[in-house]
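Input: a single structure, listed below in structure tokens.
The values are calculated or read from the model by the stated rules, or taken from the named source; none is laboratory data. Nothing here was measured: the structure is a model prediction, and the numbers come from that model. Cβ: placed from backbone, ideal geometry, glycine included. Neighbour counts: every protein chain shown. The area values use the complete protein model at the heavy-atom level, side chains included, leaving out ligands, DNA and RNA. Shrake-Rupley method; radii C 1.70, N 1.55, O 1.52, S 1.80 Å.
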Amino acid sequence: EWENGKAEWPWYWDTKSRFDIDTASVEMSGKIHDTPLTYARKYRFLEDRVECELTVTAKATIALKSLSEGIPYPIPEHKPGGLEVRLLNDEGQTVENGAAATGIYFTNASMKGHLFLLAKPTQVWLTRDHSIDHYKGEHSWGRAAIQLLKDWHTNQILTLRYSIVPCDSFEEVQRSMRK
């Protein structure tokens with residue numbers, strides 16, 4: 001997001017992708033619209049998790065209000081079966097919104113869900129978004145915004161690594177956090 005509040009997204013028309021069935025992996029790359037930032041994503045689909053890697057590179061200096069890896073999710077107030085989200089530290093204890101987190105747990109009333117296990121503690125904000133589509137339909141959703149750098153210098157590179165792990169209970173989440 002620029003200082004003037006304008007938000008930019010990956011430029012979908014520029015996205016390139018490669019699927020490799022033999023290694024159960026996907027690679028995607030592209031640019032973030034109207035910025036000098038490019039990205040490369042790698043996903044590896046393993047038996048017990050999906051490993052994710054996002055690398056952002058600055059082709060020129062830029063200052064932003066914020067930049068984040070956004071994980072959207074349905075919220076319970078607006079969609080039956082919506083998700084509750086907990087931010088967790090490395091011990092699996094809940095931390096406050098905006099704090100450095102090592103885990104993000106998405107769950108519903110069953111307490112089963114998915115743990116986004118960050119490779120290192122990173123500031124995460126849980127936000128709510130609202131939009132009106134072309135047909136005047138209103139939509140609300142949540143977003144876990146994993147914070148990235150705001151100020152970039154030419155040729156600077158940042159890599160964010162995380163895994164997505166299915167969990168059958170919050171106790172399993174806490175065990176996964178302590179590994």
Conditions: (1) over 12 Å from the mean Cα position of the chain (by Cα); (2) open to solvent by 40 Å² or more (accessible area, probe 1.4 Å); (3) modelled with pLDDT of 85 or more. Residue 102 meets all but one. Number of the miss? (2)
What are the residues in region 128-149 that are surrounded by 14 or more Cβ atoms within 10 Å (Cβ to Cβ) and within 16 Å of the chain's Cα centre (by Cα), if any? 141, 142, 143, 144, 145, 146, 147, 148, 149
Of the residues in region 110-145, those that are modelled with pLDDT under 85 and either within 23 Å of residue 168 (Cβ to Cβ) or among the aromatic types (Phe, Trp, Tyr) (or both) number 3
Looking at (1) over 23 Å from residue 32 (Cα atoms); (2) out of contact with any strand residue (DSSP E or B) (no Cβ under 7 Å at 6 or more places or on another chain), which is the one condition that is false for residue 60? (1)
Counted residues in region 152-179 being at pLDDT below 95 and either out of contact with any strand residue (DSSP E or B) (no Cβ under 6 Å at 6 or more places or on another chain) or over 12 Å from residue 115 (Cβ atoms) (or both) come to 9
Cβ contacts < 6 Å: first residue on the phi > 0 side of the Ramachandran plot and hydrophobic (A, V, I, L, M, F, W, C), restricted to region 81-95; second residue surrounded by fewer than 15 Cβ atoms within 10 Å (Cβ to Cβ) and modelled with pLDDT of 90 or more, any location; separation 6+ or different chain. Result? none
Evaluate the following for residue 69: is it of a type outside the set (A, V, I, L, M, F, W, C) and either assigned to a loop (DSSP other than H, G, I, E, B) or modelled with pLDDT of 95 or more (or both)? no
One residue from 174, 123, 147 being touching a residue at least 12 places away in the same chain (Cβ under 8 Å), within 24 Å of residue 32 (Cβ to Cβ) and in contact with a Gly (Cβ under 7 Å, 6 or more places away or on another chain): 123
